[in-house]
1. Sorted by accessible area with a 1.4 angstrom probe, largest first, how do Ile32, Ile13 fall?
2. Taking every Cα atom in region 2-130, find the radius of gyration and the maximum pairwise distance Dmax, and write them in Å.
3. With charges only on Cβ, +1 for K and R and -1 for D and E, what is the dipole size of the chain about its Cα centre, in debye, rounded to 20?
4. Hey, any idea what % of the chain's accessible area is carbon plus sulfur with a 1.4 Å probe?
5. Leaving ligands, DNA and RNA out of it, work out the accessible area of Thr120 with a 1.4 Å probe and give it in Å² to the nearest 10.
6. With a Förster radius of 35 Å, plug the Cβ-Cβ distance of Gln31 and Val78 into 1/(1 + (r/R0)^6) and report the FRET value to the nearest 0.05.
7. Take the eigenvalues of the Cα gyration tensor for region 1-66, scale each by 5, and report the square roots as semi-axes in whole Å, largest first.
8. Report the calculated FRET efficiency for Ile59 and Asp20 (r = Cβ-Cβ distance, R0 = 22 Å), to the nearest 0.05.
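The values are calculated or read from the model by the stated rules, or taken from the named source; none is laboratory data. Remember, predicted model here, so these are calculated numbers, not experimental data. With ideal geometry, Cβ positions are generated from the backbone for all residues, glycine too; neighbour counts draw on all protein chains shown. Note: areas computed on protein heavy atoms with side chains; ligands, DNA, RNA excluded. Shrake-Rupley method; radii C 1.70, N 1.55, O 1.52, S 1.80 Å.
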Amino acid sequence: MPHWTALVTLLAIAVYFWADLGVGKARGTYQIKAPATTGDPNFERLFRAHQNMLEWMPIFLPSLWLFALTLSDRWAAVVGLVWIAGRALYLVAYAKDAATRGRGFAIQAAAAAVLFLGATVGVVKALIVG
């Protein structure tokens, strides 16, 4: 069992849940009733930051786990923590000003790329070595 990766997975889910709670709170603050997703720019930025994280989870989680299972649990966890830090930075920056989200996005995208490429190498290596 890749315990470090499991812990990072739970942390990623916690950050996603934190973002979800922020959107729920913002609905009340800005009087945006479900199912509406527009109406106040402050709400819309929080909503999009949350949705963007959801859009990246199917890239991040399988890559994280395949990396952990085929290469290294600890390195997958380290890179996973970098991804989470990038996502958190992205969420906070985007909520304040959409133009400032770039650094967080770049950090998480780079971490996701490392995980994906590492997972690909690990899987191919396992197929070749058997």
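1. Working: Ile32 15, Ile13 85 Å².
Per-residue accessible area, sorted high to low, gives Ile13, Ile32.
2. Rg, Dmax (Cα atoms, Å): 16.6, 58.
3. On the way: 11 positive and 6 negative charges, 33 e Å.
The calculation lands at about 160 debye.
4. Here it works out to 71 percent.
5. My reading of the accessible area for Thr120 is about 60 Å².
6. 0.25
7. Three semi-axes, in Å: 29, 12, 7.
8. Calculated value: 0.70.
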